[in-house]
C-alpha cells in the first residue's frame, strides 16, 4: 500500500529517535524544569528573534484548545475559517477548554480568512452585545486547504482582530510547511504580523508527538501553565517532549523535512488534471472521476475523499517520509487509469 | 547528585526505546486504528484474563480525570483518600473533566481508605440529597503512602461503592509496584475485586510517557473515546503510545522494573531509623532529624521533605533505574550523618 | 411615550397579582412540593391531554438552556434557526448549561427551519463524526420573525430530528401567541408532533416572571430537577411561581391576553406599507424610510431598528396591555410622517 | 399545623405585594435599565454609606454561585465553613458556576470560621501549589448555626483572606437577622470589615423571591453582569425584582420583619431545655428526647431533625410571619410532652 492519507500516518525521523535514546538514561528534574526544555526555549527565542515563553505538549488538539482558552472567556467568541480543524475535527475541544465559548466559522476562498469578511462578522456580533464577546481570531498556517498566508495577509487579519479586542491564535500544525513555502522569516510570519500565540507543530513533520505552544504575549504564561497542568497535558518526564524539539530544531531537520514534503506535493500536483486549491504546502486537493479513483485505489494507493470540496474531490498528502518513487507511482497509476 | 526525588525523574527503559525506533518507519493508520494498538488490547485481555477495552494516553492526570469523568456527572461526588493525587496534585483535573463534580477526601491510616469510613461518608452525602450524587470511589494502588491494598481490601471498598450506586476507579500510577508487591493476579487485584476502570501507568516505571485506561466495564468505552478525543488526549501517531506498552508488557519488562524498584526501596527502608509508613512498594517515608537531612543533602542526595506526614518527614523514591550503589551510598551517608 | 419595543416592557395582569396576593399569607412546603404546584401540573396534563412533568422557573433563558442541557451532552450539536434567541441573545447560555455543546445556526425563510435543510446539516455533521454528536433540534414557536409553525411543519422537523438521534425542544416564549394564531390543539402543536420538551412561557404574556419546562418525555425529569436546583433556578417559595401559572391558566387568561396582543399586531400590520414577514403572532416587522422613523420617534413612539432583517427594518411588538388607541396613534403618526 | 421548618415556608409581606401591584401597569424599560432598579441602587448606597453596584435576582443559590464565580477561576479554591449552604445544600452550584473550583469546608465552633484555622488551611493549599489557587473566602451571616459574626470577627477573616490573595464573599441569606442582632452598621458588618461582595437576601425575610448581589468591589460588575445574563438569572421584567427591594428597604420593613423573627426565636429559646447553639438570629437548635419530639409532632408542630448537630438535635426556625401564639403553643406542647 502506498499511503497519501495524512501526514500523521507517517512515523518519526531517525534523528529524533536518536536524541530520545541518548537522553533516556539518568535522572532529570521532572515537569519541565529541566535543561533540555530551557535549551528549547532559548532556541525558539533565536529562531523567532524575540522574547517568548513555551509549553510543550503532545497533541495539536490540546495545544490549540489550551491556548485559545487562555485568550477567551467562557462567553467569548472565536472566529475561524469554516474549514478549521478546531471547528470541524476536534469534537468541541475549544468549547471544552474554554468552558463554553462559541465558534463563528467564516467562509473564505482557498481555505483563507479574508480581513473584510472577518471584520464584518466580528462587528455584527459585537454590535448585538448579547451573543458572545469577541475574543479570539484563529488562523491556520498552512491552511486546511493546503495554502499559505503571506505575512501581509496575517498582518491584515491580526489588525482586524486587535482593533476589535480579540487576540490572534495561529494553528501551526503544518507551520514548517508554511515557513519553507513562504520564504518569510519566522518573526514576519508570526509576532511581527500580530500573532499572540502560535501552536508550533512537529508531529505532522517527523516528531513522534510534539507540539509547542509559543507565547509571544508572555502575560498569558502563568494562566496557561495552570491550564496545561489541570488539563493533563504536562508531561512528568518532560525531557521526552523537549528532546523531540531539540532534535527537530537542530541542523534544520524541521525545514528539511517540510521542504521534502512540499516538494513531493508539488511534483504530484504537476501531474494532476484538475487542482481544487493552489498547492502551496504538502497537501494536494484534486478532482478525479470516480472510475479513476476506484482503479487507483485497487492498485493500493490510499487517500481520502474530500466531499467538503465538492463531488469527486480527493485529498493527497505527502509527508516527510514520502519518497519520490511513491509519487511517481501514483502519477503513473493516475495516468494509466484515465 | 543522587536522585531519590521521584520515579518520574528517571528516564526510560532501553527496551522501550528500541521498540519505538523499530516501529518509526513507514506509514500506519493513525488515531488508534492500527495493529500495534490492537495487539496491546489483546495482551491486556490475556494479562487480566477478561474482555476489556483500552485507551492509551500520555499522562496519568489525563487518564485519571477522563476515566473518572466517564463515571461521574457534573453534580457527582467522588470519594478518595485525603492524600490522593487526584485531590492534591492535579490542580483540579477531575473537577475540570467532570465539569464540576465534588471530591470528598477521606482520612485513613497508611494512605488507605477503610470500608466502614467510606460507607459512612457516602451515606451522609446520599442522605442529605442536596450536596452531590455519590458516583465514584477512587483508590490508588500502590497508595501515595507507598502501601498496597490486598485484593480483599479492594473488594471491600468496591462493595461499599457499588452498593451505593458508585463505580470504582483505580489510580494505578504505580500499579506494577503493587502487583509485584502483592503477588496476587492482575484479575484479583482489579475486576474480580470490583474495579470498573484501572489507570494502568507505565510512565513511572520505565516508559517515556504512557498510561492505559483499562475499562473492565466496556459500556463506558464509547463515551470515553469521545472525551479522550475532545480532551486532546488522543495521539494521532498512536503507534508511539501503543509501542511503549508493547515493549513494556513483553518479556515481563514491567514486572522486572517494578521488582527492582521495590527491592531498592526495601533495602533502603531496612537502614532507616524511623519509618512512617510500611514500605510495600518503591517509596520510603521516614523521619529524620533536620541536621541529618541537611548533611545528607550537602553530599548530593536529592529527596523531598514531606510535611503532610509530620515534622521531619521525608520521602525517598526508588525507580527502575536506581542502582544498588546509590542506595548503599545514601545509607552510608545517613549513618555517617547521625 | 408609547411603547412597541417588546412584550417584556409590559407589566403583569391584575388577575395574576390578585392570586399572588391571596396566596401570600401562611406557611407552605417550600421548593416545589406544595399543592399549588401540584395543581398546575394537573392543569397542564388536562390542557395538553397527556401525562407530563413540569418545572417552574423565572426566566426563559434559564428554561431553554436547562432543558436543552438535559438532552445534549457537552460534545453534542444543537440545531436551530439562525435567528434563534438561544443563539443570538442569551450570551451563550446553552453553551454554559450544556458545558460546551455547539450550536449550528441554520438559515430559513420567515424565521422558520425547513425540514430538508435541517436534515442536510445534521447529516453532514454526523458523517464527519469529529465535529459534534447531533443531539437536539430547537424550534421557536412563535418564531423570532413573528411567524407560526403549523402542526405539520413541527412534525416534519421533529421527524428529521428523531430519525437522526436528536430530541426536539420548543422555545415557547410566545407559545400562547402561537396557540391562538394556529387554532390547533396544544397536543397537536407539541407532543403529538414530536416535541420532547416545551418551554411554556408566561412572562411575555402577562406574568411577572414565570416559565414552565414541560417534559413530555418524563425520563428527563430526574436529571432536570438536579440541574434546576444546581443552576439556582429552583425557587424556595415556589408558590409565587406556581401561583402565577395558576392564574395564567385559569379562565383562559393566557389565551385572552395572547389573542388581544395578536389582534393589536394585526391591526398595526394592516396599516404598514411594507411588511417584511407574515404577521402571525404579536410582532410586526416592517420596512420604513429613515425620515419616517425619525419623525415617528420624535412623537414619542418607541420601537427597535432590526438590522438583521435589512436596511430600514423595524420591529413593532404588541403586548397584552397594548391598547387600541396606541396602535391607532402609531398608524396615524406613520401616515402623517410619509 | 404550626410550622417551624424554615423561613422559606413563610409567604410574603403585604407591603411588598402592594408595591408589586402598584407598579404592574404600564411599560418600562426591561432587563434592569429602569428607574426602580436605579432607585434601589441609590438606596443601597445610602444604607451602606458607600459607592457600590447591584444585581437583583430571584434565588440565593444563584446569587452566591454567580458572585463567587466572579472572584474564583475554575482552578480556584473556595474556603467556607463545613456547614455552609454553598457546600451542603446547593448540589454543587459553586462548582457549576465557577466551572470546576474546589471547596474547602472547614470546621469551627458555633457555625463560625475562625481566623487562625482559616489561615492554616489556605496556607497549606497555597504551599502545595498543585491543589487549587486560593481565591475566595465565603462567610455566612447569620451563620447556618443561627449565630452572628461581630464586625471584628468579619474583619479578622477578611484580613486572612486578603493577605492570601483571596476575596471575601458574604452569604447574607439571613443578613437582616444578623443586622438587627448585631446592632452594628451595615458598613461595619460588610465593606469596612473587608467584604468584597454581599448577597443581600430578602426571600427568607418577607420577599417573594429576591436577592441582591451587592458589589463593594465595583471592578467585578462588568463580568458579573455577563455571567448573570448567561446564567439565566436576569429578569426581563426587572421591575418585579427591584420592586420587591424597594418595598423591602422602605420604612424599615426589612428590619421590622427580622426583628420580629429574631424576637420569636429568642422567646422560643428561652423555654428550651438544652440549646445546641447560641440563639443570635431567628433559628433555634436544641436537643430534645425522641419521645418529646414525637409527641409534639403529633400535635401538629412541624420542624426538622438536624442530625448534623448530633443525636436528638432539632432545628426550629421563626419567620417574619410567625406569631407569638404559635411560639407559646409550641412551648406549651414541649412542656406538656416532657
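All of the numbers you see were taken from the coordinates with simple rules; none came from a lab. Just so it is clear, the structure is predicted and the values come from calculations on it, not from any experiment. All Cβ positions, even for glycine, are placed from backbone atoms using ideal geometry, and neighbour counts span all protein chains on display.
Shape call for region A:98-140 from the C-alpha gyration tensor, a ≥ b ≥ c root eigenvalues: rounded (a/c under 1.5), prolate (a/b greater than b/c) or oblate?
oblate
Assume the label is 7 Å from Cα along Cα to beta carbon: what separations in nm does residue D:271 have to the matching positions in the other copies?
Listed shortest first, these distances are 6.7, 7.6, 10.0 nm.
Output the relative contact order of region B:14-252, whole-number percent, from Cα pairs under 8 angstrom with separation of 6+ residues.
RCO, region B:14-252: 29 percent.
Which number comes out as Rg/Rh for region B:14-252 once both Rg and the Kirkwood Rh are worked out on C-alpha atoms?
Taking Rh as the inverse mean 1/r over Cα pairs, Rg/Rh reads 0.97.
Give me the percent of DSSP beta bridges within chain A that run antiparallel, rounded to the nearest 5.
Around 45 percent of the beta bridges assigned by DSSP in chain A are antiparallel ones.
Sorted from shortest, what are the nm distances separating the label point of residue A:109 from equivalent points in the other copies, each placed 7 Å from Cα along Cα to C-beta?
Result, one decimal in nm: 3.0, 7.8, 8.0.
Between region D:34-81 and region D:226-270, how many Å separate their Cα centres?
13
Would you mind putting B:234-242, C:290-298, B:318-326 in packing order, based on average other-beta-carbon counts within 10 Å, highest first?
Per-residue mean Cβ counts within 10 Å order the peptides as B:234-242, B:318-326, C:290-298.
For chains C and B related by rotation, which residue of C has the Cβ nearest the axis, and what is the rounded distance in Å?
C:99, 2
List the distances, in nm to one decimal, from the label point of residue D:31 to the label points of the same position in every other copy, shortest first, placing each label point 7 Å from Cα along the Cα-to-Cβ direction.
In nanometres, ordered from closest: 3.4, 4.0, 4.5.
Under the rule a/c < 1.5 gives rounded, and otherwise a/b versus b/c splits prolate from oblate, where does region C:244-338 land using the Cα gyration tensor?
prolate
Averaged across D:16-22, how many Cβ atoms of other chains sit within 10 Å of each residue's Cβ atom?
4
Arrange the following residues from fewest to most other Cβ atoms within 10 Å of their Cβ: C:251, A:217.
Neighbour counts put them in this order, fewest first: C:251, A:217.
In whole Å, what are the extents of the protein assembly as shown along the principal axes defined by its C-alpha atoms, from largest to smallest?
84, 81, 52
Report the paramagnetic label zone for residue A:116: residues of region A:50-93 whose backbone N is under 20 Å from a point 7 Å from Cα along the Cα-to-Cβ axis.
A:80-82
Where both residues lie in the protein assembly as shown, what percent of DSSP beta bridges are antiparallel, nearest 5?
Antiparallel bridges make up about 45 percent of those DSSP assigns within the protein assembly as shown.
Need one word for region D:163-220: rounded, prolate or oblate. Basis is the Cα gyration tensor (sqrt eigenvalues a ≥ b ≥ c); a/c below 1.5 gives rounded, then a/b vs b/c decides.
oblate
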